[in-house]
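The values are calculated or read from the model by the stated rules, or taken from the named source; none is laboratory data. Predicted, not measured: the structure shown is a model, and the values here were computed from it. Only protein heavy atoms, including side chains, enter the accessible area calculation; ligands, DNA and RNA are left aside. Shrake-Rupley method; radii C 1.70, N 1.55, O 1.52, S 1.80 Å.
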Amino acid sequence: MNTHPTKKTLIMTGLIGLAAAFLVGTGEFLLQFSADGGYADPGYGWLANIPMISLQKGHFLAVLAAPFYLVGYWHLMQMLRPGGKWSARVFGMLGGYSFMVGAVWIGQRAFLAMVAHEIAGGQPLEELLHTMAGFNEPLVNVLRVAMVVISLIWIVQIGRGGTRYPRIMALFSPFVLLASVFAIQAFVPGLGNLIVPTAMNTAHFVLFLLSTLVAISLPSQSVEPE
């Protein structure tokens, strides 16, 4: 891709990021949604309630769509770039890296769910489940920590001006949007139960949507080389 993208490129890559968040989020919903909730269960009991067909569909949809997050983060990096090339590069590289780690994490959920199904059926596999989780859960924590770091970059860089975003976009950092999902769960449990299984993707769907709308609103000359 060109160092200095056209307006059309910014819009298209924003839409690809939006599609990635939607598709991975849909896959994660199929993998993790339980009408009874229980997402804090350390024994992953809620995963035993998810039909195998949903696990199969969700697994392949989430894993195959996840790499498109790289395009979405390239878009965000280019939108930030005029306000500081190096900080924008760190933002883009860290965001892309963290989502590739996240893709490995989501790729293991179906396997944890299959063990949870066996436990629910009476098989004594709790030790295996927790061993598998010990390899899997730290990966999502890498993603969460990365979101804090890139959110700080986002807030500072947009707040000081010079990016392709209006300063109000500083309020919509990935961490703030993610925290908003859990706030909805606390105050509107019915809605929260639907979106918490896809919290990271829900937050990024909003982020890519807002960013694409900003890209659409840019005058063509604003995306010319600085």
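Ranking Met100, Met79, Met200 by solvent-accessible area of protein heavy atoms (1.4 Å probe, all protein chains present), from largest to smallest, gives Met100, Met200, Met79. Karplus-derived 3J(HN,Hα) values for region 199-205, using 6.51 cos²θ - 1.76 cosθ + 1.60 with θ = phi - 60°, are 3, 5, 6, 4, 4, 6, 4 Hz; glycine and proline are entered as x.
Computed on the chain, with alpha-carbon pairs under 8 angstrom and 6+ residues apart, the relative contact order is 29 percent. Entry note: region 1-57 has Rg to Rh equal to 1.27, where both radii use alpha-carbon atoms and Rh is the Kirkwood radius.
Helix-only arithmetic for the chain: the sum of -39500 (n - 2.57) across DSSP H runs with n ≥ 4, divided by the residue total, places the mean residue ellipticity at 222 nm at -24000 deg cm²/dmol. Full extension of the chain segment joining Ala183 with Ala40 gains 49.9 nm, where the gain is 0.36 nm per residue of separation less the Cα-Cα distance.
Computed from phi, the 3J(HN,Hα) profile of region 148-164 under the Karplus parametrisation 6.51, -1.76, 1.60 (θ = phi - 60°) reads 5, 5, 5, 5, 5, 4, 4, 5, 5, 5, 6, x, 8, x, x, 7, 7 Hz, with x in place of Gly and Pro. Once the chain from Leu218 to Lys57 is taken as fully extended at 0.36 nm per residue, the excess over their C-alpha distance is 54.2 nm. The translational diffusion coefficient of the chain, from Stokes-Einstein at 4 °C and 1.567 mPa s with a Kirkwood hydrodynamic radius over alpha carbon pairs, comes to 71 µm²/s. Potential lengthening of the chain between His130 and Trp86 amounts to 11.8 nm, from the contour at 0.36 nm per residue minus the alpha-carbon distance. The equivalent ellipsoid that matches the C-alpha gyration tensor of region 39-79 spans semi-axes of 31, 15, 5 angstrom, in descending order.
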